[in-house]
Amino acid sequence: MAHLGLDVPEPPSYDASIQDVIQTFYLVARGRSYTDGQALPISVKNITDVVSVHPINVPRSILDGIIFEIDNLVLDEVAEKNKRDKPKNT
């Protein structure tokens, strides 16, 4: 697109370890437990269940921390959405 005077942005770099962590999170989240319709936080057992079947080349101490942080972000986002969607008593 240089002929149009536009710079073509560099594609994002691909990191296999990051992709593995994201895929692991998706698999772990699919096995998430719920109580009274509310999602419970992901546990170490949830991660272990997935990693025992789908090994990943990331140390567990790092993997667990990343998975828990992603999970916190997801749960916070769901809580915010639920607050916004909750009918107001007028």
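Figure legend: label point modelled 7 angstrom from the Cα of Glu80 along Cα→Cβ; residues of the range 34-62 with amide N under 18 Å from it are 39.
For the range 17-31, putting each phi into the Karplus relation 6.51 cos²θ - 1.76 cosθ + 1.60 with θ = phi - 60° gives couplings of 5, 5, 4, 4, 5, 4, 4, 4, 4, 4, 5, 5, 5, 5, x Hz, in residue order, rounded to whole numbers and with x for Gly and Pro.
Below 8 Å, C-alpha to C-alpha, sequence gap of six or more: please give me the relative contact order for the range 22-68 in percent.
RCO, the range 22-68: 36 percent.
The Rg/Rh ratio of the chain, with Rg taken over Cα atoms and Rh as the Kirkwood radius over Cα pairs, comes to 1.18. Give me, ordered by chain and number, the residues 5 or more places off Val58 or on other chains with an amide H under 5 Å from its own placed amide H. Here the answer is none, since no amide H 5 or more places off falls under 5 Å of that of Val58. In the chain, a dipole from Cβ-located charges (positive for Lys and Arg, negative for Asp and Glu) runs towards its positive end, and of Pro59, Ala39, Phe25 it is Ala39 whose Cα lies farthest in that direction. Computed from label points 7 Å out along Cα-Cβ, the spacing between Asp7 and Gln19 is 2.7 nm. Here the Karplus relation 6.51 cos²θ - 1.76 cosθ + 1.60, evaluated at θ = phi - 60°, turns the backbone of the range 34-45 into coupling constants of 10, 9, 6, x, 9, 5, 8, x, 5, 10, 4, 4 Hz, with x for every Gly and Pro.
With contacts taken as Cα pairs under 8 Å at a separation of at least 6 residues, the chain carries a relative contact order of 26 percent.
Computed from the coordinates by the stated procedures, all read-outs in this text should not be read as laboratory data. From a predicted model like this one, the values you see are computed outputs, not experimental measurements. Quick reminder, even Gly has a Cβ in these numbers, built from the backbone with ideal geometry, and neighbours come from all protein chains shown.
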